[in-house]
Amino acid sequence: SRFETCWPALIKDSHGVIIIFNPELPSHLKEIEMWYSCFVQQQPLLDSQCLLVAHHKPGSAGDTENLSLAYPLNKLKLIHSNLEEDPEDVRMEFMKYFRSIITLINESREREEMSIIS
């Protein structure tokens, strides 16, 4: 992609990655493997720092719950977003995700401070 030269700047010092995709497009299912590889595995970030969001467009008929992703994507937290039906669910999942990232950041900061002291 023409933005690949910008990726190192985007990746630098990032604490989390949210990958949003359309589960009805087979090309997206291939692409998210590349995004995961570039933005999570090569960083390296923990899988818990990555959130997958399968976004269903209004009126899209799709079997939302039976989306089975191949390894290693199947290890990641996956949420389905359909803003017409349950925006509140999505909001709650995002809040949980952000809290977990903040906890990780605080823990690593504390470890750094302890290593400086000792």
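The residues of region 2-23 that are surrounded by fewer than 10 Cβ atoms within 10 Å (Cβ to Cβ) and either of a type in the set (Asp, Glu) or under 30 Å from Gly59 (Cα atoms) (or both), listed by number, are Glu4, Asp13.
Does Pro58 satisfy being in a loop (DSSP other than H, G, I, E, B) and either out of contact with any Gly (no Cβ under 6 Å at 6 or more places or on another chain) or without any contact (Cβ under 8 Å) to a residue 60 or more places away in the chain (or both)? When the stated conditions are applied, Pro58 passes them. The numbered conditions (1) surrounded by 14 or more Cβ atoms within 10 Å (Cβ to Cβ); (2) part of a helix (DSSP H, G or I) are all true for Glu107 except (1). Being part of a loop (DSSP other than H, G, I, E, B), in contact (Cβ under 8 Å) with a residue 40 or more places away in the chain and either under 24 Å from Trp7 (Cβ atoms) or acidic (Asp, Glu) (or both) holds for only one residue in Leu45, Leu69, Leu51, and it is Leu69.
Residues considered: Ile79, Ile105. Of these, the only one that is among the β-branched types (Val, Ile, Thr), modelled with pLDDT of 90 or more and within 26 Å of Cys6 (Cβ to Cβ) is Ile105. Looking across Lys96, Lys75, Lys57, one residue alone is open to solvent by 80 Å² or more (accessible area, probe 1.4 Å), within 23 Å of Ile32 (Cβ to Cβ) and touching a helix residue (DSSP H, G or I) at 6+ places or on another chain (Cβ under 7 Å). It is Lys75.
Taking the criterion of being touching a residue at least 24 places away in the same chain (Cβ under 8 Å) and either closer than 23 Å to Ser100 by Cβ or touching a strand residue (DSSP E or B) at 6+ places or on another chain (Cβ under 8 Å) (or both), the residues of region 20-32 that qualify are Ile20, Phe21, Asn22, Pro23, Leu29, Ile32. For region 84-93, a residue qualifies if it is open to solvent by 100 Å² or more (accessible area, probe 1.4 Å) and in contact with a His (Cβ under 9 Å, 6 or more places away or on another chain), and the qualifying residues are Glu84, Glu85.
The values are calculated or read from the model by the stated rules, or taken from the named source; none is laboratory data. On a predicted model such as this, the values are computed, not experimentally measured, just so you know. Neighbour counts run over all protein chains shown; Cβ positions are idealised from the backbone, glycine included. When the accessible area is computed, the model is the full protein with side chains, heavy atoms only, and any ligands, DNA or RNA have been set aside. Shrake-Rupley method; radii C 1.70, N 1.55, O 1.52, S 1.80 Å.
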